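The values are calculated or read from the model by the stated rules, or taken from the named source; none is laboratory data. All of these numbers come straight from a predicted model, not from anything done at the bench. Note: ideal-geometry Cβ built from the backbone for every residue, glycine included; neighbour counts use all protein chains shown. Only protein heavy atoms, including side chains, enter the accessible area calculation; ligands, DNA and RNA are left aside. Shrake-Rupley method; radii C 1.70, N 1.55, O 1.52, S 1.80 Å.
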Amino acid sequence: MSEDVAKPPAVERGSWIRIGPMRIRGYVFDVRPDGALSVGYYQNGTKPIGEEVVWDGSQWTFKYEGPCGSYLTGWEAEIVKRGPRG
């Protein structure tokens, strides 16, 4: 694998990314110093969830397996529910 493939794409707070093979839309709330992202996504079209994702060399994936996110509330939930515009 070349270095370029393994290197994550540049991502900024406030942008939308795709997560995992299902290509879930996630809103970036924070970029961590270790390269992980704190994102929010709309789980099953019913629950706004916050979770961390990491770059696996080809795509953003959830940092932990199994249920480990937390419910979003307030303005964070509203951003995720509204989804990307344009």
Count - residues of the stretch 53-86 that are at positive phi, open to solvent by 20 Å² or more (accessible area, probe 1.4 Å) and either modelled with pLDDT under 95 or aromatic (F, W, Y) (or both): 2
The lone exception for V28 - which of (1) out of contact with any helix residue (DSSP H, G or I) (no Cβ under 8 Å at 6 or more places or on another chain); (2) open to solvent by 50 Å² or more (accessible area, probe 1.4 Å); (3) at pLDDT 90 or above it fails: (2)
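Hey, among G35, G50, which residue is of a type outside the set (D, E), crowded, with 19+ Cβ neighbours inside 10 Å and within 13 Å of the chain's Cα centre (by Cα)? Reasoning before the result, please.
Working: G35 fails: crowded, with 19+ Cβ neighbours inside 10 Å.
Sole residue among the options that is of a type outside the set (D, E), crowded, with 19+ Cβ neighbours inside 10 Å and within 13 Å of the chain's Cα centre (by Cα): G50.
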